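The values are calculated or read from the model by the stated rules, or taken from the named source; none is laboratory data. What you see is a predicted model, and the numbers here were worked out from it, not measured in a lab. Cβ: placed from backbone, ideal geometry, glycine included. Neighbour counts: every protein chain shown.
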Amino acid sequence: MAEHLTLSITGFEGEPVPNQFLKQTGEATGLAILLPGLGYTCDMPLFYYSELQFLVGGYDVLRVDYDYRHLRSTSSGLENIAERLFTDVGAAMRLATQQRRYPAIAIVGKSLGTLAMAHLVGTGELSGDTTSVWMTPLLKEDVVFDALMNVAGPTGVVIGTEDHHYDDERLASLEARDNVTLITVAGGNHGLNAGKSAGESAQTLAGTRADVIKVARDRRAGTGSHNAGTRPSRRWR
């Protein structure tokens with residue numbers, strides 16, 4: 001069982017950062033931080049089921065529920081979003097990791113969330129002890145690709161072949177890294193929907209969610225493709 005709390009996170013220009021903190025009533029085996037996309041919230045399937053699996057695994061979970069969609073229409077919208085995003089996520093991560101001593105930390109971000117993760121890599125706040133899962137990363141943005149090429153901890157990258165950020169050459173470079181598990185969804189779009197029916201898309205999402213959790217579980221157990229000297233395999237759905 002987990003308590004549903006709200007942390008007092010002070011973000012950009014002193015504004016509160018919307019969040020939900022799901023805290024285990026007993027000891028926690030780790031902390032998971034969820035960073036949604038611009039329009040893909042933590043209530044949507046990839047995050048909802050990942051959250052459940054983390055909770056079952058004994059993790060505390062912080063959902064960072066930022067919503068910057070209203071800023072897209074402004075002339076400096078993207079710059080505004082990035083500045084707010086970096087400040088808000090940095091503050092959220094620092095406060096969450098202070099809640100108790102965590103033996104393991106995992107960050108799962110999608111799309112816009114991977115831009116925040118890239119910033120954390122650049123500032124050194126996403127350390128080599130942290131597991132990170134980059135779902136539909138903004139791979140064509142140099143800052144995101146460079147961060148993925150430099151992140152030290154166990155790393156999962158999930159992307160569909162029909163995603164507009166899919167890049168074969170950059171994915172091949174990532175696949176060559178020993179700490180990266182590459183999960184490629186055949187026919188998947190930026191929402192990782194694939195197939196001709198809702199049922200097929202649901203099956204794809206279920207399998208992807210299982211892979212996301214496996215990255216974190218293997219890191220905690222010290223097994224699987226994250227062992228030194230082993231190379232992760234490309235997975236196709």
How many residues does segment 1-51 hold that are within 21 Å of M135 (Cβ to Cβ) and not aromatic (F, W, Y)? 23
In this structure, does E51 turn out to be acidic (D, E), under 17 Å from K23 (Cβ atoms) and not in a loop (DSSP other than H, G, I, E, B)? yes
Leading residue by the ranking (farthest from Y48 (Cα to Cα)) among those in segment 162-216 that are modelled with pLDDT under 80 and β-branched (V, I, T): V215
Using beta carbons and a limit of 8 Å, which pairs, at least six apart or on different chains, have the first residue in segment 84-113 and without any contact (Cβ under 8 Å) to a residue 40 or more places away in the chain and the second one assigned to a helix (DSSP H, G or I) and of a type in the set (A, V, I, L, M, F, W, C)? L85/L112; L85/L115; L85/A116; F86/A116; G90/L120
Please count how many residues of segment 22-48 are within 16 Å of the chain's Cα centre (by Cα) and part of a strand (DSSP E or B). 6
Do any residues in segment 11-30 that are over 13 Å from R101 (Cα atoms) have Cβ atoms under 8 Å from those of residues that are of a type in the set (V, I, T) and in a loop (DSSP other than H, G, I, E, B), where the two are at least six apart or on different chains, and which pairs are they? G11/V17; P16/I9; V17/I9; N19/T6; N19/I9; Q20/T6; F21/T6
Which pairs turn up if I take residues in segment 116-138 that are hydrophobic (A, V, I, L, M, F, W, C) and look for partners that are assigned to a loop (DSSP other than H, G, I, E, B) with beta carbon separation below 7 Å, at least 6 apart in sequence or on another chain? M117/L126; L120/L126; V121/V151; L126/V151; L138/S111; L138/H165
Give me the residue from segment 40-84 that is at pLDDT below 90, small (G, A, S) and surrounded by 13 or more Cβ atoms within 10 Å (Cβ to Cβ) and, out of that set, nearest to Y102 (Cα to Cα). S50
Note on segment 133-187: residues farther than 25 Å from L38 by Cβ and either touching a Cys at 6+ places or on another chain (Cβ under 7 Å) or basic (K, R) (or both) are R177
Can you name the residue in segment 85-96 that is more than 15 Å from D67 (Cβ to Cβ) and of a type in the set (A, V, I, L, M, F, W, C) and, of all such residues, is surrounded by the most Cβ atoms within 10 Å (Cβ to Cβ)? M93
Among the residues in segment 91-103, are any at pLDDT 95 or above and touching a Pro at 6+ places or on another chain (Cβ under 9 Å)? no
Has segment 53-64 got any residue that is touching a Leu at 6+ places or on another chain (Cβ under 9 Å), of a type in the set (D, E, K, R) and under 22 Å from V180 (Cβ atoms)? no
Counting only residues in segment 6-21 that are in a strand (DSSP E or B) and under 21 Å from the mean Cα position of the chain (by Cα), the one surrounded by the most Cβ atoms within 10 Å (Cβ to Cβ) is identified as N19
